[in-house]
Structure formats: C-alpha cells, structure tokens
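S.K.: I am attaching a structure below and will ask some questions about it afterwards.
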Amino acid sequence: MPYTGEFQVFEDIIQEMALVYSHDKRPWLIGYSGGKDSTLLCCLAMEMLQRLAPQQRHKTVYIVSSDTMVENPIVKNYMHRMSAMINQVGNELKVKADIIYPEIADTFWSKVIGLGYPTPEAPGFRWCTERLKIHPMNKYTLDTIKTNGQVVLLLGVRKAESTYRANNIRSREIEGKILVPHTDIEGAHVYNPLTEIPNDLVWKFLLKGDSRTPWGSDNKYLFSLYQGENLGEEQSVIGEIDKDKIPVTGNSRFGCWICTMVKEDKSLKAFINRGETWLEPLRDFRNWLVELRSTPTTRENKRRNGQMYKKSDGEYGLGPFTMASRIEILRRLLQLEVTYNFELITLEELKYIDKTWDDEGDLSRRTLVDLYYEIKGKHLPWDDYKVPVFPEEVVEEIKKQCEENNVEFELISKLIVEIESNKNYTKGSRVTKAFDKIINQGWLHFDTIQRGLNHEDQ
C-alpha cells in the first residue's frame with residue numbers, strides 16, 4: 001500500500017530507491033549502526049525490494065555494521081541480533097548482513113594498552129574513528145569493488161541531525177544528481193536518500209502500525225534504547241505512545257562505552273538512570289581513564305618517535321602512556337571482565353599487546369601472561385612459550401647496574417631486545433640501524449634538548 005499524507009515523502013524515497021536500484025548492476029552497501037536513521041534506511045530499502053518481483057532483484061544489497069569492539073554492550077547485542085534477523089529473511093530479497101571489525105593492530109586496546117596511545121581528546125586528537133570505523137568500512141568497500149567493479153554506498157545521514165552534518169551533506173551534493181562520487185574511494189558512489197527527513201518524522205514512521213521492521217524486530221524496543229528504558233525485546237512496549245506527539249528528544253547517539261571524547265556519555269547515563277546499574281563499573285572505568293590521561297606522571301615526556309613538542313601555552317606536551325600505566329590499565333580491564341563475566345578485550349588483542357610489550361623491552365617476556373593468570377586464574381594459550389630473555393636474577397642485576405651508572409633501564413632493555421631479535425642475521429648493519437633509531441629517537445634527542453634548556457637557564 002503506497003504511503004500518503006505526512007508519509008508521502010517516504011513513498012517518494014521508495015520510488016527513487018527503486019529507480020536507482022534498477023538502473024545498473026552495482027551492488028548496494030548500506031551502513032547500519034542499529035540506530036534510528038540507519039534502521040529507517042534499511043526499512044525503506046527492504047520494503048522497496050519486497051515490492052519488486054523476484055526476477056527484478058538482480059543484485060545484492062549488503063547491510064554492513066561496524067563493531068568497534070568497545071561498543072555499549074546493550075547496543076552491541078542489539079546490533080548483532082538485528083544482523084542475524086536480517087540474514088534469516090534476506091535470501092529471498094538478495095540481502096546479506098555483515099559485521100566488520102577493525103584490524104587487531106588498530107583496536108582501541110591495542111593502541112592504548114599495547115602502544116600507549118593517549119585516549120582520544122577533544123578537540124582534534126581523535127585517532128579512534130578512523131581506525132575503528134572508517135578503515136574497516138573502506139576495506140570492505142574496496143574488497144566489494146574488486147569483485148564487482150563499482151558499488152553504491154547508502155548512508156542514513158540527515159541534515160536535521162546537526163549543523164555540522166547538514167553542512168557536510170551540502171558540501172557533497174552535486175546539483176541535479178542523486179549519486180555523488182565518493183571523495184576517497186574510486187569506484188564508489190554515495191546515495192543519501194534521507195537528508196531532508198526531520199527528527200520527529202523518523203520516529204513517526206518507525207513506530208507506525210505494529211512498529212515492526214521488514215526483518216521482524218519491534219521498533220518500540222529501539223525507541224526504548226534511545227529513552228534509556230530498561231526493557232527486553234519481549235517487553236518492548238513504551239507505555240501509551242502518542243504517535244502524533246512523539247518527542248524530538250531521545251536523539252542521543254549510540255557510541256563506544258569507553259569514549260573519552262565527551263565529558264559525559266549521555267546514552268550510558270540514561271541506561272544507568274533507568275535501572276541498568278550493571279553498567280556503572282564501565283562508566284567508572286571510563287572516568288578513571290580520563291583522569292589517567294590528564295595525569296602527567298602517567299605519560300612519557302616524549303612522543304613514540306622520540307620527539308618533544310610544545311603546546312600553544314608554551315609548555316612541553318606529553319607523550320604516550322608509560323609502561324607502568326599500560327600495565328595498570330590492563331589490570332583494571334581484566335578485573336572488570338571478571339566482574340562482568342563477559343569479554344571486554346579479545347585473546348587476539350592480548351596476543352598483539354603481549355608481542356608489543358616484548359618489543360618495547362620487556363626482558364621477562366612474562367608481564368602480560370603472568371598478570372592474566374593472576375587475575376583470571378587461568379593461563380593464556382601461549383603462556384608456555386613465554387620464555388624470559390634472561391633469568392630474573394640477571395634482569396635484576398641489569399637494573400642495579402643501570403641505577404649505579406645513571407643509565408635508563410628502558411633504554412638498555414630496548415637495545416637488548418633488538419639484539420635478540422636480530423641475532424640470526426649475519427649483517428651487523430641491521431642492528432646498527434636499529435640502535436641508531438632507538439638512541440636518537442628515544443633518548444639522544446631528549447638529552448640534547450635538555451642540555452639546551454639548562455644552558456638557557458644559566
């Protein structure tokens with residue numbers, strides 16, 4: 001049944017979608033976060049496909065969700081459940097739901113705990129979005145292009161979301177064209193059918209009738225997530241909803257539970273305020289991590305490349321988290337896992353971090369595996385292979401000699417690790433280059449600057 005009245009705009013969108021879909025053989029990629037806008041986009045796309053005759057469904061529509069691996073647990077479970085439900089009914093419509101993840105080296109914990117990256121901070125220091133979301137989606141898009149030649153990306157962006165989003169959409173619009181070329185990916189075109197839809201109309205459409213999606217979920221439950229209601233899928237009833245007076249509020253965006261870009265996670269706060277008190281330790285951990293980032297003693301005095309830098313106020317800036325800080329972050333995260341009894345960091349991430357710490361100069365080679373056993377009471381799968389570079393008493397003697405000779409133990413550790421990693425190579429130039437890099441980037445540069453500062457003081 002065609003939509004009329006205030007829903008006429010959605011009928012127009014469905015008709016336009018059908019025109020774009022039938023125009024060529026380029027597969028569609030729909031970005032799906034589980035939020036209201038991407039849900040609306042998927043609903044309209046699947047309804048369009050349902051109206052087509054089977055023989056007219058000539059290409060695949062991929063519904064792609066990005067799991068950053070630090071999603072709000074409630075939202076993460078919901079997103080995964082929706083993807084599974086879409087796949088249950090998708091074959092007939094040639095719809096396939098996929099969930100993508102960041103590369104292990106790019107995950108939040110690999111960067112923060114492994115390499116000591118300071119947590120993201122506004123304004124400007126936002127390394128997370130690109131690595132956790134953009135890179136995985138770009139890779140998925142490029143892989144699809146390799147197979148199919150070109151793709152069409154459908155996004156649920158709307159101008160009503162924010163002034164920034166509106167300006168960004170306008171900057172990409174090409175007058176008279178429905179599809180616009182992707183700014184970074186050759187062979188990809190972008191289609192934004194929802195740009196003019198206001199907030200209240202989104203909810204009115206999603207909650208119309210029985211509030212069911214084409215894949216069978218209840219949008220009243222989605223509405224409850226935005227309101228922070230403590231409801232299960234089987235209880236997805238929001239009191240008596242006046243569908244003519246649906247509030248424009250409930251517009252908080254879902255995001256990562258560990259997000260340090262904002263002063264306060266309003267979505268997480270709403271869940272807690274409405275009964276999801278089990279989320280409080282996550283909030284407390286996130287707040288502690290913000291404080292840790294702001295504490296100078298937890299940070300290096302130089303960047304990972306050895307450079308020192310000045311901030312706008314003339315003071316020298318801080319570098320990555322110290323090794324001691326990284327160990328403490330992992331300790332508390334593992335303790336949080338024990339409290340929750342579900343996974344917050346994967347074994348793949350732990351293995352990557354373990355290797356990184358080894359390369360950073362952990363002569364024991366057992367810091368991570370021993371910490372894991374201490375907290376979890378069980379061994380990691382690779383525990384037996386973790387053999388120290390030197391016996392413990394030798395490491396302690398090295399530390400003692402470093403103190404007596406005023407040489408940093410971290411420097412000596414890195415040099416020893418480099419020797420061990422290259423001991424099977426016959427060319428000494430390999431080790432020499434590695435030594436030059438460590439000394440110049442990590443210590444010589446700092447010492448040179450410090451001598452200059454002391455000279456200025458005199």
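The values are calculated or read from the model by the stated rules, or taken from the named source; none is laboratory data. This structure is a prediction, so every number in the text was calculated from the model and none was measured. Here Cβ is always computed from backbone atoms with ideal geometry, including for glycine, and neighbour counts include all displayed protein chains.
S.K.: Just to be sure, is residue 19 of a type outside the set (Asp, Glu) and surrounded by 14 or more Cβ atoms within 10 Å (Cβ to Cβ)?
M.R.: No; evaluated as a whole, the condition is false for this residue.
S.K.: What is the number of the single condition among (1) at pLDDT below 95; (2) assigned to a loop (DSSP other than H, G, I, E, B) that residue 102 does not meet?
M.R.: With (1) at pLDDT below 95; (2) assigned to a loop (DSSP other than H, G, I, E, B) applied to residue 102, the lone miss is (1).
Residue by residue, here is whether (1) of a type outside the set (D, E, K, R); (2) crowded, with 19+ Cβ neighbours inside 10 Å holds:
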position	(1), (2)
322	yes, no
325	yes, yes
328	no, no
343	no, no
352	yes, yes
357	yes, yes
362	no, yes
370	no, no
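S.K.: Right, another one. Of the conditions (1) under 28 Å from residue 103 (Cβ atoms); (2) surrounded by fewer than 13 Cβ atoms within 10 Å (Cβ to Cβ); (3) touching a Leu at 6+ places or on another chain (Cβ under 9 Å), residue 385 clears all except one; give me its number.
M.R.: Of the numbered conditions (1) under 28 Å from residue 103 (Cβ atoms); (2) surrounded by fewer than 13 Cβ atoms within 10 Å (Cβ to Cβ); (3) touching a Leu at 6+ places or on another chain (Cβ under 9 Å), the odd one out for residue 385 is (3).
S.K.: Could you say which residue among 284, 265, 244 is acidic (Asp, Glu), under 20 Å from the mean Cα position of the chain (by Cα) and at pLDDT below 85?
M.R.: Residue meeting the stated conditions: 265.
S.K.: Checking the structure you have, find out if any residue of region 74-96 is over 30 Å from residue 330 (Cα atoms), without any contact (Cβ under 8 Å) to a residue 24 or more places away in the chain, out of contact with any helix residue (DSSP H, G or I) (no Cβ under 7 Å at 6 or more places or on another chain) and part of a loop (DSSP other than H, G, I, E, B).
M.R.: Looking through region 74-96, at least one residue is over 30 Å from residue 330 (Cα atoms), without any contact (Cβ under 8 Å) to a residue 24 or more places away in the chain, out of contact with any helix residue (DSSP H, G or I) (no Cβ under 7 Å at 6 or more places or on another chain) and part of a loop (DSSP other than H, G, I, E, B).
S.K.: Confirm whether residue 34 is in contact with a helix residue (DSSP H, G or I) (Cβ under 6 Å, 6 or more places away or on another chain) and modelled with pLDDT of 90 or more.
M.R.: Yes, satisfied.
S.K.: Scanning for something in contact with a Lys or Arg (Cβ under 6 Å, 6 or more places away or on another chain), over 30 Å from residue 285 (Cα atoms) and without any contact (Cβ under 8 Å) to a residue 60 or more places away in the chain, does region 58-72 turn up at least one residue? Walk me through how you get there before you give the answer.
M.R.: Of all residues in region 58-72, those in contact with a Lys or Arg (Cβ under 6 Å, 6 or more places away or on another chain) come to 59-60, 62, 66.
If we keep only those that are over 30 Å from residue 285 (Cα atoms) too, we end up with 59-60, 62.
So of that shortlist, the ones also without any contact (Cβ under 8 Å) to a residue 60 or more places away in the chain come out as 59-60.
Looking for residues that are in contact with a Lys or Arg (Cβ under 6 Å, 6 or more places away or on another chain), over 30 Å from residue 285 (Cα atoms) and without any contact (Cβ under 8 Å) to a residue 60 or more places away in the chain, one finds at least one in region 58-72, hence yes.
S.K.: Could you check, for region 415-423, whether at least one of its residues is loosely packed, with under 10 Cβ neighbours inside 10 Å and either at pLDDT below 85 or in contact with a helix residue (DSSP H, G or I) (Cβ under 6 Å, 6 or more places away or on another chain) (or both)?
M.R.: Within region 415-423, one or more residues are loosely packed, with under 10 Cβ neighbours inside 10 Å and either at pLDDT below 85 or in contact with a helix residue (DSSP H, G or I) (Cβ under 6 Å, 6 or more places away or on another chain) (or both).
S.K.: Restricting to region 377-425, count the residues that are assigned to a helix (DSSP H, G or I) and more than 15 Å from residue 351 (Cβ to Cβ).
M.R.: Step one: filter region 377-425 for residues assigned to a helix (DSSP H, G or I), giving 383-385, 392-404, 409-421.
Of the ones still in play, those that are also more than 15 Å from residue 351 (Cβ to Cβ) are 392-404, 409-421.
Total meeting the criteria: 26.
S.K.: So which residues in region 329-343 are closer than 20 Å to residue 383 by Cα and either in a helix (DSSP H, G or I) or at pLDDT 95 or above (or both)?
M.R.: Keep residues of region 329-343 that are closer than 20 Å to residue 383 by Cα, which gives 330-331, 333-335, 337-338, 343.
Passing the criteria: 330, 331, 333, 334, 335, 337, 338.
S.K.: Let me ask something else. Which one is nearest to residue 348 (Cα to Cα) among residues in region 70-120 that are basic (Lys, Arg) and under 15 Å from the mean Cα position of the chain (by Cα)?
M.R.: Among those residues, the one meeting the criterion is 111.
S.K.: Of all the residues that make up region 19-68, how many are out of contact with any Phe, Trp or Tyr (no Cβ under 9 Å at 6 or more places or on another chain), within 19 Å of residue 188 (Cα to Cα) and assigned to a helix (DSSP H, G or I)?
M.R.: Matching residues across region 19-68 total 3.
S.K.: Test residue 396 against the criterion of being under 26 Å from the mean Cα position of the chain (by Cα), surrounded by fewer than 17 Cβ atoms within 10 Å (Cβ to Cβ) and among the acidic types (Asp, Glu), and give yes or no.
M.R.: Working: under 26 Å from the mean Cα position of the chain (by Cα): no; surrounded by fewer than 17 Cβ atoms within 10 Å (Cβ to Cβ): yes; among the acidic types (Asp, Glu): yes.
So residue 396 does not fit the description; no.
S.K.: For region 398-417, state whether one or more residues are out of contact with any strand residue (DSSP E or B) (no Cβ under 6 Å at 6 or more places or on another chain) and in contact (Cβ under 8 Å) with a residue 60 or more places away in the chain.
M.R.: Within region 398-417, one or more residues are out of contact with any strand residue (DSSP E or B) (no Cβ under 6 Å at 6 or more places or on another chain) and in contact (Cβ under 8 Å) with a residue 60 or more places away in the chain.
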